[in-house]
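Remarks on the structure that follows.
The values are calculated or read from the model by the stated rules, or taken from the named source; none is laboratory data. Quantities reported herein were computed from a predicted structural model and do not represent experimental measurements. Please note: Cβ atoms are built from the backbone with ideal geometry, for glycine as well, and neighbour counts cover all protein chains shown.
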Protein chains: 4
Amino acid sequence: MQSTLDDIIAEVKPLIGQGKVADYIPALAEVPANRLGIAVCTVDGKVFKAGDADELFSIQSISKVLSLTLAINRVGDELWERVGKEPSGLSFNSLVQLEYEKGIPRNPFINAGALVVSDVLQSRLSAPKHRMLELVRGLADDPAVISDKRVARSEYQHSDRNAAIAYLMKSFGNFSNRVEDVLRSYFSYCALKMSCVDLAKTFIYLANQGRPLGWNKPLITPKQTKQINALLVTCGLYDEAGDFAYRVGIPGKSGVGGGIIGIVPGELTVCVWSPELNKSGNSLAGTAALELFTSRLGRSIF
Amino acid sequence: MQSTLDDIIAEVKPLIGQGKVADYIPALAEVPANRLGIAVCTVDGKVFKAGDADELFSIQSISKVLSLTLAINRVGDELWERVGKEPSGLSFNSLVQLEYEKGIPRNPFINAGALVVSDVLQSRLSAPKHRMLELVRGLADDPAVISDKRVARSEYQHSDRNAAIAYLMKSFGNFSNRVEDVLRSYFSYCALKMSCVDLAKTFIYLANQGRPLGWNKPLITPKQTKQINALLVTCGLYDEAGDFAYRVGIPGKSGVGGGIIGIVPGELTVCVWSPELNKSGNSLAGTAALELFTSRLGRSIF
Amino acid sequence: MQSTLDDIIAEVKPLIGQGKVADYIPALAEVPANRLGIAVCTVDGKVFKAGDADELFSIQSISKVLSLTLAINRVGDELWERVGKEPSGLSFNSLVQLEYEKGIPRNPFINAGALVVSDVLQSRLSAPKHRMLELVRGLADDPAVISDKRVARSEYQHSDRNAAIAYLMKSFGNFSNRVEDVLRSYFSYCALKMSCVDLAKTFIYLANQGRPLGWNKPLITPKQTKQINALLVTCGLYDEAGDFAYRVGIPGKSGVGGGIIGIVPGELTVCVWSPELNKSGNSLAGTAALELFTSRLGRSIF
Amino acid sequence: MQSTLDDIIAEVKPLIGQGKVADYIPALAEVPANRLGIAVCTVDGKVFKAGDADELFSIQSISKVLSLTLAINRVGDELWERVGKEPSGLSFNSLVQLEYEKGIPRNPFINAGALVVSDVLQSRLSAPKHRMLELVRGLADDPAVISDKRVARSEYQHSDRNAAIAYLMKSFGNFSNRVEDVLRSYFSYCALKMSCVDLAKTFIYLANQGRPLGWNKPLITPKQTKQINALLVTCGLYDEAGDFAYRVGIPGKSGVGGGIIGIVPGELTVCVWSPELNKSGNSLAGTAALELFTSRLGRSIF
């Protein structure tokens, strides 16, 4: 495994320079473009890594899987009355579909869906930002994980589109809390700073029937685990989900910070990071690295 | 396995009466609503069955997987210049997305995509309808498989929407042959009459790295097999693909005749049939049967 | 003229009961449904009236013509860089078109357009709500005109959809001020309380080359007047503009309070009021009254 | 009047070279780009002209007003069950709105609407192409008017988009005849060859309460005349109707051949021709000429 990861880093490195670092907020635009890391965690807890796998980065939309997990853990199947389970076929922040479908977002991984999930957490948890931090620290087994306040604040200052989405859902009765409050929580989740190693460890519960590393009780049920993986395959990579399934062939979730987490159910998690994005907003070198990873190991779900 | 199938038939039977047989053409509307069958074929060729598993029915859109396979076999990756790999997020016969995306269908399983695939076959094969018949007979190991001419003719007479789709693609330069000719071939594929057992055997190549039952050479490569399965998961069940992945958790393809084929990669294929459809146009009892099947056997891909 | 107005009121009265009073905010829902009034003002200042022509009602979207006039008066043709002049073809508060057209509203009479116009006034005027009040009092020659604070407050509390529209435009860079501030001004304009007689007098400048009643200088130029009338014909009655032109045949603007103002260029203005609305949100009896009015007098622009 | 027309031609001439001749079919692309003509016909039959006012050109979509007139003449208000009266807000040949609105075109001047009107004529007339020719010859008082078969044939060969539109309406039950037959008639109407003088004379009935020049009975009623003019103002210039009303201020209809007919109700018709089109597909110099015309004469309807 170690040599496979080393090889992948070497082979993918030349792609750096072909993508574009996210620049819609200054705090993200500053990230060095030439980083590349990969980490693997197996269900029995072994960790392998290569490249910049210990460097912290902004997990951004990868946090949507964590907030969804927390919401399912709290409200169970009720959640699906407020958000769908289908691919969107449109860009991740479009309002068109939301209007035609009367304020019910297509799935929990487009922005509208993640905002509804955050709205649920806002209603159910007394201190949602703190609770998320606690959860992530517990999953990553790292009490030092923090959310970058500067990034969160900067995103809040550029949140007009997300505010429009939230108000539109509110006008359809599918949003309970103050838009401002939910946006602040949402950006706090997005601004979590973690490394490839942290994330590979954090998401092992999705490869292991809902059981986090070193916990003595499950976070979610095996059935819920399977369901989240299904959602990741059909909706995890924005409007590139089909292509990712076709090329990489495992459940995955990307963030504009350049991270992507992938799940090989029953076996392992793999996290890659490289800040330059392709046209669909997914890490360019990261996607290539995952494609090599599943090909080399013969570890697709298909 | 046998007892599992028997149990599933018994448990799902009471759902009959809750769906609605497709009635957009008379030939399909006549099918007895109370049929229910299931068949399993393993990669080593064992067949199990229960209920009406030997009764012939119209495979309809399940044929789209066969025409896609044939097209990939003939033109390889070139195909993807004319059709996408992403879920559509809209109903299977919508023209809206097709217009915004300049005549390139989202994926090969919506009608627009299947028509482009049929157009490719029309250009590449001297006798496309006959070639398809030959292929299916070879895959099912049954020289008696036929296409129901009455059904094909009836569909052709109700094909205004499909003609609109084809002409729209033609106006964008993504359609080469005469619309009438391609529609006739397309409906001939859809009108194939097969049983659950036939279909389970036919599709074993998707569970077995591209190798059909009893053939001494593969039909497609292992990589192409994996790719088709990925497309089935993200796009195989119209606008219910996400829900199907969530509940059933395997690659699958449905038809308005009430059949659904499912693939458990590396292990087996499973085919169900029950003519009554749910609101999304997929077999109601069939979907329930597949959900039970993957739960009982613990055979999800996630 | 007087007998024509009396006849119209008598003939249209039986329609009351067939429409539905706007009930999206409590303050509007309370209005007595059975009111019906009509007033005419000629360019030489003669006023005719019948029915409840002196009763005050909430002018709502009719105010969009006033804010447009004020904005044109202040910024001239520059305004058209931020808002279009074309009919929308979609419901008055849709976000779909706004997203496709990158935050530029189709015309100044859909909500998005009126919000941009209000944003312009917010930037250009030191006290926009007060300035609007002053203008209207001057046009109607009635210092007692007020804006109903209870109605404005109630609308602000139900403004999620409008907030979504404003934030969406802000995300495209087409909105300068705080959303909250502009919404408060916008609802203050909408909540103006005026009678049919007030409105007929107020809008005489559109029938008279830009010259208000009793003013010694014009409010806008003859060309600007002609342009506003053109916009009223193509976009003044939401998605019923075509039907209104077809049946009534003069420039007009409606409000959900049940008022409609009509312009016969060079001759007169006519204002009707009846709170019950048809399916497109325009006064049902009011539209019928205007249709009779232009037919009886032979005063269409076509 | 004569000197006004001469002046307009002189002033507008320099615009030639800024637009683009329609080139979607070879037969239209051949037209000399530098032509410019204008003709006026008054309700009492006086004709004025300047520039290339006697040269024949392809009237294209201007024919939609003639087919609408014929259909209203035959079926009256029934027509409006199959086609709407509202502006479309989308490009003239879009299928999106048609799908959302279940096959009912927005108005008779977008392609879908004109095809429905042609379908009505196909059902009601024994020889629709011949009947149209007869009508136009009678209106223009010129037995030599013909339809250019080469143009019609060329358009038929490039009619995939229109075929898609017709089949889509057929799938919704809003199209009765064979698509091929209606398309042939439709293109025959479009391919009529007429001059500015011909067209100004032909359309005088729209300025004169439905009475054609020199006929002793009206073609349509005064009310129907008013209604067609209303439709022209709101929908006559594709997605530039609002801008045309704003700048020119009279009912009008354009064609891709570069002609535009304008109506000043009660007074006159004016026809301009210049083959180069602007981005919306309307004659660039022609629009400018009409703007000058209504400004100089003070003849807007607003």
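Pairs please, first residue from the stretch B:23-43 and under 20 Å from B:M194 (Cβ atoms), second anywhere and among the small types (G, A, S) and part of a strand (DSSP E or B), Cβ atoms under 7 Å, 6+ apart in sequence or on different chains.
B:L28/B:S58; B:L36/B:G51; B:G37/B:G51; B:I38/B:A50; B:I38/B:G51
Pick from C:D142, C:D119: which is among the acidic types (D, E) and crowded, with 23+ Cβ neighbours inside 10 Å?
It is C:D119.
For A:V96, state whether it is of a type in the set (V, I, T), within 14 Å of chain B (Cβ to nearest Cβ) and over 29 Å from A:L125 (Cα atoms).
Considered against the rule, which asks whether it is of a type in the set (V, I, T), within 14 Å of chain B (Cβ to nearest Cβ) and over 29 Å from A:L125 (Cα atoms), A:V96 comes out as yes.
Which count do you get for residues in the stretch A:3-41 that are in contact with a Leu (Cβ under 8 Å, 6 or more places away or on another chain), loosely packed, with under 15 Cβ neighbours inside 10 Å and assigned to a loop (DSSP other than H, G, I, E, B)?
Number of matching residues: 1.
Quick one: how many residues across the stretch D:150-169 are more than 13 Å from chain B (Cβ to nearest Cβ) and of a type in the set (A, V, I, L, M)?
Counting residues in the stretch D:150-169 that are more than 13 Å from chain B (Cβ to nearest Cβ) and of a type in the set (A, V, I, L, M) gives 2.
Could you please tell me which pairs satisfy a Cβ distance under 7 Å, a separation of 6+ or placement on different chains, a first residue in the stretch A:220-234 that is under 18 Å from A:I110 (Cβ atoms), and a second residue that is of a type in the set (D, E, K, R)?
Matching pairs, first to second residue: A:L231/A:K85; A:L232/A:K253.
Any residue that is within 14 Å of chain B (Cβ to nearest Cβ), without any contact (Cβ under 8 Å) to a residue 24 or more places away in the chain, out of contact with any strand residue (DSSP E or B) (no Cβ under 9 Å at 6 or more places or on another chain) and not in a helix (DSSP H, G or I) - is there at least one of those in the stretch D:120-139?
We begin by selecting, within the stretch D:120-139, every residue within 14 Å of chain B (Cβ to nearest Cβ); these are none.
Looking for residues that are within 14 Å of chain B (Cβ to nearest Cβ), without any contact (Cβ under 8 Å) to a residue 24 or more places away in the chain, out of contact with any strand residue (DSSP E or B) (no Cβ under 9 Å at 6 or more places or on another chain) and not in a helix (DSSP H, G or I), one finds none in the stretch D:120-139, hence no.
Which one of these does A:K102 not meet: (1) under 18 Å from the mean Cα position of the chain (by Cα); (2) at pLDDT below 95; (3) surrounded by fewer than 19 Cβ atoms within 10 Å (Cβ to Cβ)?
Going through the list (1) under 18 Å from the mean Cα position of the chain (by Cα); (2) at pLDDT below 95; (3) surrounded by fewer than 19 Cβ atoms within 10 Å (Cβ to Cβ), A:K102 breaks only (1).
Filter the stretch C:256-267 for residues that are more than 9 Å from the chain's Cα centre (by Cα) and away from every other protein chain (no Cβ under 14 Å) and give the result.
C:V256, C:G257, C:G258 - these are the residues of the stretch C:256-267 that are more than 9 Å from the chain's Cα centre (by Cα) and away from every other protein chain (no Cβ under 14 Å).
Which one of D:D44, D:D52, D:D77 is at pLDDT 90 or above, buried (at least 16 other Cβ atoms within 10 Å of the Cβ) and not basic (K, R)?
On inspection, the qualifying residue turns out to be D:D52.
Note down all Cβ pairs under 7 Å where the first residue falls in the stretch A:284-302 and is within 14 Å of chain B (Cβ to nearest Cβ), the second is buried (at least 22 other Cβ atoms within 10 Å of the Cβ) and basic (K, R), and they're at least six residues apart or on different chains.
A:S300/B:K226; A:F302/B:K226
Would you pick out the residues in the stretch D:238-270 that are hydrophobic (A, V, I, L, M, F, W, C) and under 11 Å from D:I62 (Cα atoms)?
D:V256, D:I260, D:I261
Going through the stretch A:146-169 one residue at a time, which ones are surrounded by fewer than 22 Cβ atoms within 10 Å (Cβ to Cβ) and charged (D, E, K, R)?
A:D148, A:K149, A:R150, A:R153, A:D160, A:R161
Tell me, please, whether a residue that is in contact with a strand residue (DSSP E or B) (Cβ under 6 Å, 6 or more places away or on another chain) and more than 21 Å from C:V256 (Cα to Cα) can be found in the stretch C:10-24.
Looking for residues that are in contact with a strand residue (DSSP E or B) (Cβ under 6 Å, 6 or more places away or on another chain) and more than 21 Å from C:V256 (Cα to Cα), one finds none in the stretch C:10-24, hence no.
Among the residues of the stretch D:89-109, what is the count of those that are among the acidic types (D, E) and not in a loop (DSSP other than H, G, I, E, B)?
Qualifying residue count, the stretch D:89-109: 1.
Which one of these does D:E86 not meet: (1) crowded, with 16+ Cβ neighbours inside 10 Å; (2) touching a residue at least 24 places away in the same chain (Cβ under 8 Å); (3) assigned to a helix (DSSP H, G or I)?
Among (1) crowded, with 16+ Cβ neighbours inside 10 Å; (2) touching a residue at least 24 places away in the same chain (Cβ under 8 Å); (3) assigned to a helix (DSSP H, G or I), D:E86 violates only (3).
Within the stretch A:222-255, count every residue that is more than 7 Å from chain B (Cβ to nearest Cβ) and either under 15 Å from A:S300 (Cα atoms) or of a type in the set (S, T, N, Q) (or both).
Adding up the residues that qualify gives 9.
Every residue in the stretch B:120-143 that is under 24 Å from B:R82 (Cβ atoms) and either β-branched (V, I, T) or touching a Lys or Arg at 6+ places or on another chain (Cβ under 6 Å) (or both), please. Can you show your working first?
Going through the stretch B:120-143, the residues under 24 Å from B:R82 (Cβ atoms) turn out to be B:120-132, B:135-136.
Listed by number, the residues that qualify are B:V120, B:R124, B:L125, B:V136.
Any idea which of (1) within 18 Å of B:A22 (Cβ to Cβ); (2) surrounded by 24 or more Cβ atoms within 10 Å (Cβ to Cβ) is the one B:K193 doesn't satisfy?
Checking B:K193 against (1) within 18 Å of B:A22 (Cβ to Cβ); (2) surrounded by 24 or more Cβ atoms within 10 Å (Cβ to Cβ), the one that fails is (2).
From (1) under 21 Å from D:I72 (Cα atoms); (2) within 14 Å of chain B (Cβ to nearest Cβ); (3) surrounded by 19 or more Cβ atoms within 10 Å (Cβ to Cβ), pick out the condition that doesn't hold for D:S185.
Result: D:S185 passes all but (2).
On the given criteria, is A:A112 of a type outside the set (K, R) and in a helix (DSSP H, G or I)?
Here the answer is yes, as A:A112 does meet what is asked.
Have a look at D:A144, D:A152, D:A163 and point out the one that is part of a loop (DSSP other than H, G, I, E, B) and either among the β-branched types (V, I, T) or under 22 Å from the mean Cα position of the chain (by Cα) (or both).
D:A144
I'd like the residue in the stretch D:245-302 that is of a type in the set (K, R) and within 29 Å of C:G210 (Cα to Cα) and, out of all such residues, is surrounded by the fewest Cβ atoms within 10 Å (Cβ to Cβ).
Result: D:R296.
Conditions (1) in contact (Cβ under 8 Å) with a residue 60 or more places away in the chain; (2) among the small types (G, A, S); (3) under 25 Å from A:W80 (Cβ atoms), marked per residue:
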{"position": "A:D148", "(1), (2), (3)": "yes, no, no"}
{"position": "A:D160", "(1), (2), (3)": "no, no, no"}
{"position": "A:F203", "(1), (2), (3)": "yes, no, yes"}
{"position": "A:W215", "(1), (2), (3)": "yes, no, no"}
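In the stretch A:209-240, which residues are touching a Pro at 6+ places or on another chain (Cβ under 6 Å) and either more than 24 Å from B:P222 (Cα to Cα) or aliphatic (A, V, I, L, M) (or both)?
Scanning the stretch A:209-240 gives A:Q209, A:G210, A:R211, A:L219, A:L232, A:V233, A:C235.
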